[in-house]
Amino acid sequence: MMNSFGHIFRVTTWGESHGPALGATVDGVPPGVKLEPEMLQHWLDKRKPGQNKYTTQRREADAVKILSGVYEGETTGTPVQLMIENTDQRSKDYGDIAETFRPGHADITYWLKYGIRDPRGGGRSSARETAARVAAGGLAREVLKALAPGIEIKGYMTRMGVHEIDRARFDWDEIERNPFWVPDARAAQTWADYLDGLRKAGSSVGAICEVVIQGAPAGLGAPIYAKLDTDLAAAMMSINAVKGVEIGAGMAAAMLTGEENADEISMGPNGPVYSSNHAGGILGGISTGQDIVVRFAVKPTSSILTPRKTITKAGAPAEIVTKGRHDPCVGIRAVPVGEAMAACVILDHLLLHRAQVGDGPRGIIG
């Protein structure tokens, strides 16, 4: 139970870190959308491990297979089954922790809830599960491309530990040029030196990632219980290791006055124009037509080489060092995951909007 998200475009993920495979079953996919594995592979390649020294050295091809829901290169309207095989498991790395809980991990809560857990790489709680989400997000992007080609979804990192980007140097083109998905070339170099030191010390650090959805039409979302920002926040919070989510100004809105926070409105040649975007492109749970901005904080990877105090299953005191292959900053690979979750949510709300009000214009017409 509770392994699915979405209303109309509904994604169910399955599989564990060290099982034979993992994947996603995607229902609610419109028929007639062109879809080949290569279209999804592009996004999985952005997330896969072992691409540089700043991520886990687990070597996975993350090659996605489409098992159902596609005929002669087009979706049929039936569930699309996506599968990614695990090929580089090293379960022996986790033999020492089968009886001991790792601080900061879900080991202890899984045990307290279920009375059983898969210690190999964290099992279901592993960030490996996010590969399935990225595959589903790639499918969502292809549907969006067909239904709303003006929508673009871009993610990047804005902070690593104590270091953050300088927004005055923000460069969209720079995001693809460095291993951190950071839009600031100077920050990328600083972060490289900083993370290299942490990596060699066997430590880790947290990060903040930001996702911007450009070109989304006004009207997506609904009041109260199906708010667009509610679903975006839930989607981002569901990502492994995420501990906080903001929309627009987010927590900083608490420091603003009403005059500062209000995004003033005027009429432009093509509709309403806003003086600012503290709301993050969403008002009352419904998109305004501005850029939708969502930000999430990722905690430091809990698998570190510094000994930590803990307990065993029997309740005895213990000390643990987590061996294996781990990300010194899991926020790096969280960027394409955040993009994928945004794509799934935006498509879901686009389909909900069409189901309720159709495609006709509503409200003010420029």
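The values are calculated or read from the model by the stated rules, or taken from the named source; none is laboratory data. Just so it is clear, the model here is predicted, and its values are computed rather than measured. Ideal geometry is used to build each Cβ from the backbone, glycine not excepted, and the neighbour counts take in all protein chains shown. All accessible areas refer to the heavy atoms of the entire protein, side chains included, with ligands and DNA or RNA removed. Shrake-Rupley method; radii C 1.70, N 1.55, O 1.52, S 1.80 Å.
Measuring from the lowest to the highest alpha carbon on each principal axis, how far does the chain reach, largest first, in angstroms?
67, 51, 38
If you count only protein heavy atoms and use a 1.4 Å probe, how large is the accessible surface of MET39, to the nearest 10 Å²?
MET39 has an accessible surface of roughly 60 Å² with all protein chains in place.
Given C-alpha coordinates of region 98-257, what is the ratio Rg to Rh with the Kirkwood estimate of Rh?
When Rh is taken as the Kirkwood radius, the ratio is 1.00.
Length gain on complete extension for the stretch THR87 to ALA252, per 0.36 nm per residue less the alpha carbon to alpha carbon distance?
Extra length available between THR87 and ALA252 comes to 55.0 nm.
For region 59-202, what % of the accessible area comes from carbon and sulfur atoms, probe 1.4 Å?
The value for region 59-202 is 51 percent carbon and sulfur by accessible area.
Quick one: divide the alpha-carbon radius of gyration of region 173-219 by 2.2 N^0.38 Å and tell me what you get.
1.54
When only alpha-carbon atoms are used, what values of Rg and Dmax, in angstrom, describe region 181-336?
Reported Rg and Dmax, both Å: 20.4, 70.
At a Förster distance of 22 Å, what's the computed FRET efficiency of SER68 paired with ALA234, Cβ-Cβ distance as r, to 0.05?
0.20
Give the cross-link partners of LYS299 among the aspartates and glutamates, using a straight C-alpha distance below 19 Å as the criterion and excluding same-chain residues fewer than 8 apart.
Leaving aside aspartates and glutamates fewer than 8 places away in the same chain, those within reach of LYS299 are ASP107, GLU129, GLU164, ASP196, GLU210, GLU246, ASP327, GLU339.
Work out, step by step, the length gained on full extension between ALA314 and VAL357: first 0.36 nm times the residue separation, then minus their alpha carbon distance; give nm to one decimal.
Between ALA314 and VAL357, full extension yields 9.7 nm more.
Quick one: order MET251, MET2 from most to least accessible surface, probe 1.4 Å.
MET2, MET251
How large is the accessible surface per residue of the chain, computed with a 1.4 Å probe and reported in Å² as a whole number?
Solvent-accessible surface per residue comes out at 47 Å².
Express in Å², to the nearest 10, the accessible area of ILE286 obtained by rolling a 1.4 Å probe over the protein heavy atoms while all chains stay in place.
Accessible area, nearest 10 Å²: 60 Å².
With all protein chains present and a 1.4 Å probe, how do ASP348, ASP118 order by accessible area, largest first?
Highest to lowest solvent-accessible surface, that is ASP118, ASP348.
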